[in-house]
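Asks: I am attaching a structure below and will ask some questions about it afterwards.
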Amino acid sequence: MYLEHFGLKEAPFRITPHTDFFFQGANRGATLEALLYAITHDEGIVKVSGEVGSGKTMLCRVLMERLPATVETIYLANPSLSRDEILFAIGDELKLQLETARPTRVIRALQEHLLRLFGEGRRVVVLIDEAHAMPDETLEEIRLLSNLESNRHKLLQIVLFGQPELDEHLDTAGMRQLKERVTHSFQLEPLVRGDIENYIDFRMRAAGYRGPKVFTRDAISLIARASEGLTRRINILADKALLAAFAGGTHAATAAEVKRAVRDSEFYRARSGAQKIRIGASALAAGLVLGWATHLLLSAGAASPRPQASPAAPTPPRAPSDSSASAVIRPQAPSPAPSPAVPAAAASGEDMKSTSAAEAPVQSPSAPAQGRLARERFEATQEWLRSAPGNRYAIQLATVNASELPQLEDFLRKAASALPVGELFVYSVKIDGQQHYRVAYGSFPSANKALDAINGLPQLLAAYQPYTRSIERMRSQNSQ
């Protein structure tokens, strides 16, 4: 409807995956390169996790296109397959005749066929979407399939794409053996504001737009808050904002158009409805407490009219106990975070009007409050990030909550005993609005070089399941 109005050749914000619109920023491009490397270098089972609408299916489709011609891809989008059904599904994709075969014969036929393909210089990779919804017995079958190998090489590469529930499920005792087979874990994090601005502009250009930027800075800020950095939500809001601009006869998508888009979105209505329930429950509770307090006060006044000489001192509140088992969190398997507060864009239109008038000023990253080594490496990292090339990559070693700085200092001392201290970096990152610090190592010219370096890390550090991240992404997170 609005294509001609904005000079577009096609819709820029469709929610169905379109590989021409794959955004390489926000670590997506680096993750793709790392996946290509892992699949073509016999790395066994690889896992990619991310929230609903974070771009997992898009990444999977692009991966299928970018794999070499010598790699045969099997894409399984149905997570409800049983243990036997997944064997037959893989066999069907490989054109094997398995109509009446028993599961043991199916596995044997698969192994023989995979050996023939390997002898011809071909590889097979199975891409499993929505893996978090798979039955336990099917996940166990996947583990057994990963055992198919020649004398020195894996015959079947497996990539699991799933929501964060997949990480939680693999942490359970019953999934311990499968988790041990996962050689690389990647996490698609929500986009930060700077990434969202680049993402929207990239998709507009990919759709044929050639003019100045359509979305204003205030509009981008509103989209960032309302979408929570999830690409599917960004697409929905941007599409509705363009439609609102077209209906209003303007060529700029401002905060006003985005506000209308937010109010018209299903995820906004769901959140605002839940918010109203919470507000109503809070008001009811407050009313009950106020009424009961008034009753006690009047009762006390009637029974004892004389004033007290000196009121008793109030009991100080108890400090909350720290239930964290460990301060150093493995980046690939973070503990479940508490539910985030409803974002500002999910409030009423009046609330958004008052908060979106101007962007919040960019604050300097907060240095660790204690720890000599942590503070030294943080200050050195701030200087390094100002000039480090954004297209290089570092190895992310660990993430630590700001409330657990002694453990950060301890981790840095251990890391410095195994690696050059001058190549250890500490930078700021906000997770669910809480201050954290990440420890990274090295500066490598490509994601593949960083992956090679991960394989050579001491076991002390490899146990934290390190992963790669671009310097530009580190710089973006550090400035949040």
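The values are calculated or read from the model by the stated rules, or taken from the named source; none is laboratory data. Keep in mind it's a predicted model, so treat the numbers as computed, not measured. Using ideal geometry, Cβ is built from the backbone for each residue, glycine included, and neighbour counts are taken over all protein chains shown. Surface accessibility is based on the protein's heavy atoms, side chains included, excluding ligands, DNA and RNA. Shrake-Rupley method; radii C 1.70, N 1.55, O 1.52, S 1.80 Å.
Asks: Taking GLU168 as meeting all but one of (1) over 30 Å from GLN459 (Cβ atoms); (2) not in a strand (DSSP E or B), write down the number of the exception.
Replies: (1)
Asks: Could you count how many residues in region 173-201 are open to solvent by less than 60 Å² (accessible area, probe 1.4 Å) and free of Cβ contacts under 8 Å to residues at least 12 places away in the same chain?
Replies: 1
Asks: Sort out for me the strands (runs of 3 or more DSSP E) sitting completely within region 387-444 that have 3 or more residues that are open to solvent by 20 Å² or more (accessible area, probe 1.4 Å). It would help to see each step written out before you state the result.
Replies: Numbers: elements: 393-401, 424-431, 434-444.
Output list reads 434-444.
Asks: Can you find, within region 74-85, the residue that is nearest to the chain's Cα centre (by Cα) among those that are open to solvent by less than 50 Å² (accessible area, probe 1.4 Å) and under 16 Å from VAL125 (Cβ atoms)?
Replies: From region 74-85, those open to solvent by less than 50 Å² (accessible area, probe 1.4 Å) are 74, 76, 79, 81-82; that's our starting set.
Those still in the list that are under 16 Å from VAL125 (Cβ atoms) too: 74, 76.
Details: ILE74: 25, LEU76: 22 Å.
Per the criteria, the residue is LEU76.
Asks: Search region 420-445 for residues that are free of Cβ contacts under 8 Å to residues at least 24 places away in the same chain and pair each with any residue that is open to solvent by less than 10 Å² (accessible area, probe 1.4 Å) and among the small types (Gly, Ala, Ser) when their beta-carbon atoms are under 7 Å apart and the residues are at least 6 apart or on different chains.
Replies: If the second residue must be open to solvent by less than 10 Å² (accessible area, probe 1.4 Å) and among the small types (Gly, Ala, Ser), the pairs left are GLU423/GLY442.
Asks: Using beta carbons and a limit of 6 Å, which pairs, at least six apart or on different chains, have the first residue in region 243-262 and over 19 Å from PRO212 (Cβ atoms) and the second one hydroxyl-bearing (Ser, Thr, Tyr) and open to solvent by less than 20 Å² (accessible area, probe 1.4 Å)?
Replies: Cβ pairs passing all conditions: LEU243/TYR2.
Matching residues to (1) open to solvent by 20 Å² or more (accessible area, probe 1.4 Å); (2) in contact with a helix residue (DSSP H, G or I) (Cβ under 6 Å, 6 or more places away or on another chain):
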| position | (1), (2) |
| --- | --- |
| ALA38 | no, no |
| LYS47 | no, no |
| GLY53 | no, yes |
| THR70 | yes, no |
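Asks: Just to be sure before I move on: is VAL106 in contact with a helix residue (DSSP H, G or I) (Cβ under 9 Å, 6 or more places away or on another chain), outside any helix (DSSP H, G or I) and of a type outside the set (Gly, Ala, Ser) in the structure I sent? Spell out how you get there, then give the answer.
Replies: Working: in contact with a helix residue (DSSP H, G or I) (Cβ under 9 Å, 6 or more places away or on another chain): yes; outside any helix (DSSP H, G or I): no; of a type outside the set (Gly, Ala, Ser): yes.
Answer is no for this residue.
Asks: For MET58, indicate whether it is assigned to a helix (DSSP H, G or I), in contact with a strand residue (DSSP E or B) (Cβ under 7 Å, 6 or more places away or on another chain), within 26 Å of THR231 (Cα to Cα) and not acidic (Asp, Glu).
Replies: no
Asks: Condition first: among the hydrophobic types (A, V, I, L, M, F, W, C), modelled with pLDDT of 90 or more and assigned to a loop (DSSP other than H, G, I, E, B). Now tell me which residues in region 119-154 satisfy that.
Replies: MET134
Asks: Across region 1-25, which residue is farthest from ARG475 (Cα to Cα) among those that are part of a helix (DSSP H, G or I) and of a type in the set (Asp, Glu)? Don't jump to the end; show me each part of the working.
Replies: Start the filter on region 1-25 by keeping residues that are part of a helix (DSSP H, G or I), which leaves 3-6, 19-21.
Imposing the further condition that a residue be of a type in the set (Asp, Glu) reduces the set to 4, 20.
Numbers: GLU4: 37, ASP20: 27 Å.
Ranking the qualifying residues of region 1-25, first place goes to GLU4.
Asks: Which condition does ASP42 not pass, out of (1) open to solvent by less than 50 Å² (accessible area, probe 1.4 Å); (2) modelled with pLDDT of 90 or more; (3) of a type outside the set (A, V, I, L, M); (4) over 23 Å from the mean Cα position of the chain (by Cα), if it passes all the others?
Replies: If we test ASP42 against (1) open to solvent by less than 50 Å² (accessible area, probe 1.4 Å); (2) modelled with pLDDT of 90 or more; (3) of a type outside the set (A, V, I, L, M); (4) over 23 Å from the mean Cα position of the chain (by Cα), just (2) comes out false.
Asks: Identify the residue in region 86-104 that is among the charged types (D, E, K, R) and farther than 17 Å from LEU156 by Cβ and, among all such residues, is surrounded by the fewest Cβ atoms within 10 Å (Cβ to Cβ). It would help to see each step written out before you state the result.
Replies: Taking region 86-104 as the starting set, the residues that turn out to be among the charged types (D, E, K, R) are 92-93, 95, 99, 102.
Imposing the further condition that a residue be farther than 17 Å from LEU156 by Cβ reduces the set to 99, 102.
Details: GLU99: 8, ARG102: 10.
Residue satisfying both the conditions and the ranking: GLU99.
Asks: What pairs come out if I take residues in region 202-224 that are without any contact (Cβ under 8 Å) to a residue 40 or more places away in the chain and pair them with residues that are open to solvent by 40 Å² or more (accessible area, probe 1.4 Å) and part of a loop (DSSP other than H, G, I, E, B) whose C-beta lies under 6 Å away, six or more apart or interchain?
Replies: Pairs that qualify, where the first residue is without any contact (Cβ under 8 Å) to a residue 40 or more places away in the chain and the partner is open to solvent by 40 Å² or more (accessible area, probe 1.4 Å) and part of a loop (DSSP other than H, G, I, E, B), are THR216/THR254; ALA219/THR254.
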